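As structure tokens, the structure follows; a few thoughts come after it.
The values are calculated or read from the model by the stated rules, or taken from the named source; none is laboratory data. It should be emphasised that the depicted structure is a prediction, and the values quoted were computed from it without experimental measurement. All Cβ positions, glycine included, derive from the backbone under ideal geometry; neighbour counts span all protein chains shown.
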Amino acid sequence: QSPYLLPDTTARLEQDPSKIQARATHPDSVRTELFGYNLFARGGTTNEIPQNLALPEDYKLGSGDNLIVNLWGKVEQEYNLTVDRQGAVFIPKIGEVAVWGLTLQQAEKRLREKLGTGFSDFQMTLSLGKLKSIQVFVFGEVKFPGSYSVNSLSTMFSALYLAGGPSERGS
């Protein structure tokens, strides 16, 4: 006896397993729909995944993140900076500033200090523009296994959505 089947089920399978298979595939048999399966009916694109999600306070900056620095006061300047592979941004006339692994608040403090060496009497705001994208691999029982590019705030559900959802054998 199988430990995964009830005793009477095992007995029926031993009697004639072909009858059970025939009943399961018979056109009159009732087919139950998997719960939530219709969420993935259309398939997904990266355009459908929200890009304007609220940024968590503990979000860590990394390579590919886009920072927008606005200065006003004695100096009127806007910088559109991208964190490079070494985890730094380069500000003309100021130099390189390491921001990798910092929160937005920590990066603002570091940039304010660094900008203070080149400018005086200014106000500053720092915001996050485009988020870095990360490459994820979705494989197994999904409709379209493969590599997908998602933003760094995406969830596993986002990647599963891009992969078309689970296949009929998946869960």
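Out of curiosity, is Val89 assigned to a strand (DSSP E or B), at pLDDT 95 or above and touching a Lys or Arg at 6+ places or on another chain (Cβ under 9 Å)?
It is false that Val89 is assigned to a strand (DSSP E or B), at pLDDT 95 or above and touching a Lys or Arg at 6+ places or on another chain (Cβ under 9 Å).
Quickly run through region 115-136 and pick out the residues that are surrounded by fewer than 16 Cβ atoms within 10 Å (Cβ to Cβ) and basic (Lys, Arg).
Lys130
Please determine whether any residue of region 97-116 is acidic (Asp, Glu) and part of a helix (DSSP H, G or I).
Yes, region 97-116 contains at least one residue that is acidic (Asp, Glu) and part of a helix (DSSP H, G or I).
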